[in-house]
Structures are given as C-alpha cells and as structure tokens.
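Quick notes on the structure that follows.
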Amino acid sequence: MASDPLHFYYEQDREHERLLRGSNQLEFTRTLELMVRFLPPAPARILDIGGGTGPYSRWLLKRGYSVQLLDAMPNHIERAQQDPALAGLESAVVGDARALPYAAASADAALLFGPVYHLTGRADRVAALREARRCVRAGGVVLAAAITRTASALDGLLAGMDADPRFAAMRNHTLTTGLHLPPDPALGWFTETYFHSPAELVAEFQDAGLTNVALYAVEGLGNIVPEFDVLWADPERRERLLDLVRRTETDPHLWGVSAHLLAVGQV
C-alpha cells in the first residue's frame, strides 16, 4: 500500500502524537463520537486497518473491544507492539489494506482511517473497501475517513501558503484531479494522497458492495476557527463548537469546509 513518498513521510514519526495537537484534537474527538454512534457495543471485534500507532485501538481496548491492528508502515507497528496500552490487541501486523490477513466474516466492524486517502488509485480504494466488507459479518459496519477535495486549498489560504507558486500549482492540480502530489518530499508537506468529493466517496463504498452509505463532517466549521488552541482550552467554548459541528455534520453545503468526512456503510 505504501509508496516511497508515503514511507518517507511516515518514517519521520509524524503520526504518533498528531491527534493530540492543535486542531487535530477536534478530528480525534469527533471521530470518537462517530465511532460511539455507529460501532456495535463491546466486546465486538474491530479491525483497525491503517491504524497507525494505534490511537483508536487504545481507545477501543479501554472500552472492552477486541481489536486487530494493521498498518502498512513497519515503524508504526513496531511502536504499537512496544506500547503497554496496546498489550491487549489480538494482533498488530504490517499489511496491505487491499489484501487483509483476516478470515471472511470474522469481525463486527472495520475502521479505515487512512487507506481510503493514501491509496491514490480508485481501483485500489475500492479493493480496500471490498476487503473490509469481506472480513465483516453481515449486519456489521465499515467506517472510513476521507480528506475533502478542498482541504489543502483551505489550509493554504488560511496559512498564506497560497503565495508559494509550488503550493498553488499543487493545490490547483488537486482541485482538478483529486490527487495531492507535493513537488518535493523534503518540504514536509502532507504526502501523496487522494482528496475526495462526497459523490466519489459514496460511489466507491457502493462499488465495494456496502449499503446505506452516509457521510458525516468530522471537523466541519471547526476547521476554520481562528486561534483554535485558545478555544479548545476553554471547556465551555469547546462544547459550543462541538455542538455546532454536530448540528451541521450532515449538511452537504458545508462538507467542503471540513478537512475530513467519515463515511459509514453497512455490510
């Protein structure tokens, strides 16, 4: 699953604490909220496919779930295997989301919080979703995170990066094709990725045989909050923001503001 630019990016240990910093905390909190809403109750078995160093696996284990973690990056799995908080995992293996090492109908739900945007070819993304569907029992669910088509454009605008012609060219290509292709990995920009339109995401789920597909904004309007850390540190303001994001999570007119969408499909 991993290309050379992907390995280069994640070998810099960028992912382990990402969800604990800045506006990524909103991504983490909202994703957990949606997991609570759509996952079956513990002790269901969950496949955490592309689960990185295990932030969601840790949360699931604490709540009594049975969890199997898979990621394409060996350094992520090595860290997970050494983490005492993940000692309860059924397994933690390096693997490919398109060819899962799990038996058919062996899990109650699957999470893909990385593969759907790191696989830049449509056939590969559908293959990963189809594999998740194969491994989940009838009546189970598949949850996948996608990056919205305008995510990089919005981030660049807010940060002033659109003044850099290299960024502007990358942004324009992404807006046209969905492919996010940094000109040089050494710049430290997010790695090769596919940025979805909502219709594309739904169609890929359906082509993988998943039904009753629904989309939810993860960060929503919280993605454009100024001085995010100041707001997030204030419990009352944080809850007001979360309330607004929840109330607008299914409004398609606002999906382009959100950095991520969460797609939910039934097996």
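The values are calculated or read from the model by the stated rules, or taken from the named source; none is laboratory data. Here the structure is a predicted model, which means the values were calculated and not measured. Note that we place each Cβ from the backbone using ideal geometry, even for glycine, and neighbour counts take in every protein chain shown.
Whether any residue in the range 111-126 is touching a Phe, Trp or Tyr at 6+ places or on another chain (Cβ under 9 Å) and within 23 Å of Val225 (Cβ to Cβ) is what I want to check. Within the range 111-126, one or more residues are touching a Phe, Trp or Tyr at 6+ places or on another chain (Cβ under 9 Å) and within 23 Å of Val225 (Cβ to Cβ). The set of residues in the range 214-267 being over 22 Å from Thr150 (Cβ atoms) and in contact with a strand residue (DSSP E or B) (Cβ under 8 Å, 6 or more places away or on another chain) consists of Gly265, Gln266, Val267. Only one entry in Tyr194, Tyr216 is of a type in the set (Ser, Thr, Tyr), within 15 Å of Phe38 (Cβ to Cβ) and surrounded by 15 or more Cβ atoms within 10 Å (Cβ to Cβ), namely Tyr216.
Residue-by-condition table, conditions (1) out of contact with any Pro (no Cβ under 9 Å at 6 or more places or on another chain); (2) over 17 Å from Gly265 (Cα atoms); (3) aliphatic (A, V, I, L, M):
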site	(1), (2), (3)
Gly160	yes, yes, no
Met170	no, yes, yes
Thr174	yes, yes, no
Ala186	yes, yes, yes
His196	yes, no, no
Ala208	yes, no, yes
Val213	yes, no, yes
Val230	yes, yes, yes
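Once the range 144-186 is narrowed to residues that are in a helix (DSSP H, G or I) and β-branched (Val, Ile, Thr), the residue that is nearest to Phe228 (Cα to Cα) is Thr174.
Residues of the range 174-186 that are modelled with pLDDT of 95 or more, closer than 28 Å to Glu11 by Cβ and loosely packed, with under 14 Cβ neighbours inside 10 Å: Thr177 alone.
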